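The values are calculated or read from the model by the stated rules, or taken from the named source; none is laboratory data. No experiment lies behind these values; they were computed from the predicted model shown. FYI the Cβ positions are ideal-geometry reconstructions off the backbone, even for glycines, and counts take in every protein chain you see. These area figures cover heavy atoms from the full protein model, side chains too; ligands, DNA and RNA do not enter into them. Shrake-Rupley method; radii C 1.70, N 1.55, O 1.52, S 1.80 Å.
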Amino acid sequence: MQRRGARLPLLLAMAAPLACAAWLFRQLAAAQLAPAPVPGLLALAGAWAAALLGTLLLCRLWHSGARERATALTATGLAGITAAALAVASTADRMAAGVGTGLSRLQLWRDALKLWTEAAWLGHGGDTWRNMFRAIQSSPYVGGEVHNGILDLALDTGVIGVLLIAGWFLFTLRTMWRFAPHLLPVFLIFVLHGAMDFDWSFTFLWMMFIWIGGWAHSSQPQQHVEAYNKRPRISPQLSLWSPILTGLFILFWLGGTAWLAGHQWAAEHQYRMAISKAAGSTEQKTLLASAHKFNSYRADIVLSLSRILPAKEAEIILLKSLYHSPVNPQLYQELGLWAARSGLGEQAGEYFERSIALNRYDASSQSLALYCMEQASRLELAAGYTDRAKQTAAAGVRIYERYRQLAEEVAAGQERNDRRFGLEDEALRHGGNLVMLASGPPASDLTRRSP
């Protein structure tokens, strides 16, 4: 992107930062995610200082004699070779067959593409992957981010949203190409890396896009600005109302944002105070009810409140919350717990099956469902509803068989098992008890039937 005479000095200026960045990347790769904060920040500061001093030294050599120039070029070549070697050595393990993050991302992307096809044009809504990946994942990986900005955007907003963002990017690139070509590499780095990772999940990156685009737009020559100002304008009446309408829009926007943010903050404050109080106390119930009033969409507030309410009220608020969060497995699990404690085994089985379908690689949820189904069957048996108890136990056996089969498939496969999914000992015990309850003696003619 630079003029011919400026390319070699630019490469010289990049040599030392490139070598230091490769050295830092090696530490990051060895730490899997990130090193400890204090050593990591010290290493970053040291690398930054070394990169700055190395750049100044190479530039000084370049502006000296012919021998010094040769030395600078040799140092640049060695820095590039060192950076490439460090990067390749650091990424070899991550790309290993079966366990590397490269193949793991391919698996995430395959699952994301299948989910995207279900709502290709308009998408599923905000935070689709984070809320739904447990329900559609093909293996027990841990991945709250899809590691692909384009796929994440397509899942949330569909093809239409992707096209709108692509149009915005192309317009910005066109402006940069015409008036600020020196900003193109920076913008392309943000776009390309975000397309292959989850950078676009952070608001800061979108602020950077807007800022860089505005910087490029402000770099237009004066004659382009004057030509733009000479273009015909709207009528005087509309010109008078334009700033008023703009001001009202900004006022309503800021006011609405402040109102929503205030409700969110109040709900969070009340919820934090509630969880610090004694469990089941009147004070905790009051605080949770207040938090729920400020924000009835938060599943954690609904779950906490439902556990201290009477059964019927708990069921009502849980079902209302499902309307806003239909793919939350915890809500279905809580409804299953409520039904099991109430002796409604068949209904509990339906809720637990739905919860497991939304998070099938969670071993603790599977074991809890089996325990609750066993308890519900015993409650119905103690109440004299023998047939109903056997039906509840049979539903629990179906859950157990699917769990056991899934655990065997995961154990026999070669894919990553980040969630450490497997058949737990408690599940084996509860599954055996459910089998015995389901195959009990047939009910006699005197057995009470389900009401």
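Before moving on, here are some points about what is shown:
- Applying both filters, DSSP loop and at most 13 other Cβ atoms within 10 Å, to the chymotrypsin sites (Phe, Trp or Tyr not before Pro) of segment 108-182 gives 121.
- Once exposed loop trypsin sites (Lys or Arg not before Pro) are cut out (DSSP; at most 16 other Cβ, 10 Å), longest piece of the chain: 95-229
- Angle between the chain longest axis and helix 149-179 axis [Cα atoms, degrees, rounded to 10]: 10
- Once the Cα atoms are used to define both axes, helix 386-412 deviates from the longest principal axis of the chain by about 30 degrees.
- Cα-based reach from residue 114 at 30 Å (exclusive), listing lysines while leaving out same-chain residues under 8 positions away: 320
- Solvent-accessible area per residue in the chain equals 60 Å², computed with a 1.4 angstrom probe and all protein chains kept.
- R0 of 45 Å, Cβ-Cβ distance residue 296-residue 30: FRET efficiency to nearest 0.05: 0.45
- Shape class of segment 301-429 from the alpha-carbon gyration tensor: oblate, with a/c at 1.5 or above and b/c at least as large as a/b.
- Here segment 331-412 is assigned +1 on the Cβ of each Lys and Arg and -1 on the Cβ of each Asp and Glu. Its dipole about the Cα centre then comes out at about 100 debye.
- Around residue 113: net Lys/Arg minus Asp/Glu count, Cβ-Cβ under 13 Å: 0
- Residue 103 paired with residue 307, simple spin-label distance in nm, labels 7 Å along Cα-to-beta-carbon: 4.0
- 222 nm mean residue ellipticity, helices alone, for the chain (DSSP H n ≥ 4; -39,500 (n - 2.57); rounded to 500): -25000 deg cm²/dmol
- Taking 0.36 nm per residue of separation and subtracting the Cα-Cα distance, full extension of the segment from residue 49 to residue 71 would add 5.8 nm.
- Per-atom-type breakdown for the chain gives carbon and sulfur 65% of the accessible area (1.4 Å probe, protein chains only).
- Taking the C-alpha atoms only, the angle from helix 203-218 to the longest principal axis of the chain is near 30 degrees.
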